[in-house]
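Below is one structure, written out as structure tokens; comments come after it.
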Amino acid sequence: MNSRQRNLMEKMDLIPLISVIYKNEQRYLEHKIKELDINSTQVSCLMEMYSHGDVEDQHKLCQKDLVEILNFSKSTISTSLSKLEEFGYINRKIDPNNRRKNMIYLTKKGCSVIPKIIEIDKMWEQDMDCELITEELKADLRKIAIQSWKLRKSIK
């Protein structure tokens with residue numbers, strides 16, 4: 001980082017700083033997951049699906065759930081899921097109770113990449129010296145994130 005960039009960073013408010021951190025984390029992740037033929041949006045989908053159950057424990061999750069949880073557009077989620085399905089990371093099935101819903105499930109291949117993704121995330125945190133982040137700061141950032149989500153929902 002040159003002195004001009006450092007000066008810009010020192011003058012930034014909180015939200016632009018968070019944006020810089022997020023964008024750099026996404027670039028780091030994209031670089032590390034290249035070999036898996038997936039991108040960071042697809043990683044977000046996989047991780048959310050994993051948190052709702054894996055191949056052995058088929059908790060139901062649909063595309064609409066991912067749109068709401070991850071705060072991505074319908075088209076972004078649809079495109080991401082199509083690629084994940086194409087590469088064998090997920091299966092999509094029509095919900096027998098509601099034919100308009102696509103239920104999504106991790107495959108064994110999808111489950112197998114989760115430990116790699118978790119390891120990459122741990123490496124990022126180690127490289128970032130994330131122990132500097134206190135529980136208080138995390139709690140405050142969560143409050144800000146929740147409020148920003150509420151504001152976004154109110155403008156729809």
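The values are calculated or read from the model by the stated rules, or taken from the named source; none is laboratory data. Computed from a predicted structure; not experimentally measured. Accessible surface is based on the protein model in full, side chains and every heavy atom, while ligands, DNA and RNA are left aside. Shrake-Rupley method; radii C 1.70, N 1.55, O 1.52, S 1.80 Å.
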- prompt: At 25 °C and 0.890 mPa s, what whole-number value in µm²/s does Stokes-Einstein give for the translational diffusion of region 97-156, with Rh from the Kirkwood sum over Cα pairs?
  reply: 158 µm²/s
task: May I ask you to give the percent of accessible area on region 2-156 that is carbon plus sulfur, with a probe radius of 1.4 Å?
output: 53 percent
task: For region 93-106, take each phi angle, set θ = phi - 60°, evaluate the Karplus expression 6.51 cos²θ - 1.76 cosθ + 1.60, and give the result in whole Hz per residue in order, putting x for glycine and proline.
output: 9, 6, 5, x, 7, 8, 5, 7, 9, 9, 8, 10, 9, 6
task: Could you work out which residue, out of Lys34, Lys108, Lys138, moves most in a Gaussian network model of the chain, that is, has the largest mean-square fluctuation with Cα springs under 10 Å?
output: Lys138
message: Give the aspartates and glutamates reachable from Lys109 as a straight Cα distance under 18 Å; neighbours fewer than 8 places away on the same chain don't count.
response: Glu35, Asp37, Glu48, Asp54, Glu56, Asp57, Glu85, Glu86, Glu119
message: Compute a Gaussian network model of the chain, connecting alpha carbons closer than 10 Å, and tell me which residue from Met123, Met49, Met12 fluctuates the most.
response: Met12
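Would you calculate a helix-derived [θ] at 222 nm for the chain, using -39,500 (n - 2.57) for each DSSP H run of n ≥ 4 and dividing by the full residue count, to the nearest 500? Walk me through the intermediate numbers first.
On the way: 7 runs with 101 residues, N = 156.
Computed ellipticity for the chain at 222 nm equals -21000 deg cm²/dmol.
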task: At 1.4 Å probe size, with every protein chain present, just tell me what the per residue accessible area of the chain comes to in Å².
output: 71 Å²
message: Solvent-accessible area of Lys23, probe 1.4 Å, all protein chains present, reported in Å² to the nearest ten, please.
response: 110 Å²
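Could you grab the relative contact order for the chain? Cα pairs under 8 Å, six or more apart, rounded to a whole percent. Mind dumping the intermediate values first?
Values: 114 pairs, mean separation 31.4, N = 156.
So the answer I get is 20 percent.
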Residue of Asp129, Asp65, Asp13 that the Gaussian network model of the chain assigns the largest fluctuation, springs spanning Cα pairs under 10 Å: Asp13
Under 15 Å from Lys143, Cα to Cα: aspartates and glutamates that are on another chain or at least 8 residues apart: Glu135
- request: Excluding residues fewer than 8 places away in the same chain, name every one of the lysines whose C-alpha is closer than 25 Å to that of Lys108.
  value: Lys32, Lys34, Lys60, Lys64, Lys83, Lys93, Lys116, Lys122
message: Just to confirm the number: angle between the C-alpha axis of helix 14-32 and the first principal axis of the chain, 0 to 90 degrees, nearest 10?
response: 60 degrees
